[in-house]
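Q: Sending over a structure as structure tokens; questions will come in a sec.
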Amino acid sequence: MSLIAAARRRTPNNPAPSAARLPAPSPVLPGVCVAVVVAGLAVSAWAPHDRTTWVLEVVWVLIGLPLAVLARRRFPMSGLLCCLLAAHALVLALGGHYTYAQVPLGEWVKDGLGLSRNPYDRFGHLMQGFVPAILVRELLVRTSPLRGSRWLAPLTVCACLAFSAVFEMFEWAAAVIGGHAADAFLATQGDVWDTQWDMFCALIGATVSLLLLSKWHDRQLTRLTG
């Protein structure tokens with residue numbers, strides 16, 4: 001009788017105590033993130049330094065935002081991922097408005113630390129690893145057998161590095177097609193090793209993201225998918 005009583009306490013109407021303590025994901029957060037990104041894009045699009053550079057920098061947001069909205073019912077994202085993607089979109093929008101080599105925040109850091117170049121480009125590539133790491137991790141956990149696997153983290157980092165390499169080839173193509181007109185988009189600032197630094201920053205960003213956020217992300221996924 002005690003086993004039957006315990007089973008009844010764990011029916012859908014009486015979930016296990018550990019599951020009952022997990023609050024449901026907020027339905028408001030994704031809408032707030034979308035509104036913030038749309039507002040950021042609107043401000044960024046107002047008289048940018050170079051319109052072509054702006055389009056090249058924010059094209060990922062212009063493509064990704066509608067896809068995320070359309071897929072929200074079939075594949076709702078964790079709150080952590082929503083916030084990270086919104087933050088990354090704002091980083092791209094700011095870089096697109098000023099160009100990465102001329103973002104005022106980076107200029108303040110450059111002057112304050114006595115650096116030889118505006119570091120906002122490096123920060124952008126750190127984010128290029130930091131945020132996609134959680135995106136890739138969420139996709140792998142929810143759509144593959146890798147949940148709980150020791151291969152999850154290294155494959156996530158490899159995917160982020162692959163994306164970073166594809167982005168560098170995209171920049172290379174822009175340089176070949178646009179010539180000097182693409183200098184603002186490339187933001188190399190005279191560094192012959194800029195491509196290698198960009199991919200290294202993405203590697204560091206992805207690794208740090210997994211080290212800091214994996215457990216938090218797991219809790220969010222448990223709340224989302226059970």
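The values are calculated or read from the model by the stated rules, or taken from the named source; none is laboratory data. The shown structure was predicted, so the numbers you read here are calculated from the model rather than taken from an experiment. Here the Cβ positions follow ideal geometry from the backbone for every residue, glycine too, while neighbour counts run over all protein chains shown. These accessible areas exclude ligands, DNA and RNA; they are computed on the full protein's heavy atoms, side chains included. Shrake-Rupley method; radii C 1.70, N 1.55, O 1.52, S 1.80 Å.
Q: What does the net charge come to around residue 72 if you take all other residues with beta carbon closer than 15 Å to its beta carbon, with K and R at +1 and D and E at -1?
A: +2
Q: Next up: Net charge around residue 199, counting only other residues with Cβ within less than 12 Å of its Cβ (Lys, Arg = +1; Asp, Glu = -1)?
A: -3
Q: Run the numbers on region 77-226 and let me know its relative contact order in percent, using alpha-carbon pairs under 8 Å that are six or more apart.
A: 34 percent
Q: Give me the percent of accessible area attributable to carbon and sulfur for region 37-141, probe 1.4 angstrom.
A: 72 percent
Q: Just the Cα atoms of region 43-148, one point each, no solvent: what log10 I(q)/I(0) does Debye give at q = 0.10, 0.21, 0.22 Å⁻¹?
A: Debye output, listed in q order: -0.36, -1.10, -1.16.
Q: In square angstrom, what is the accessible area per residue of region 58-215 with a 1.4 angstrom probe?
A: It amounts to 53 Å² per residue over region 58-215.
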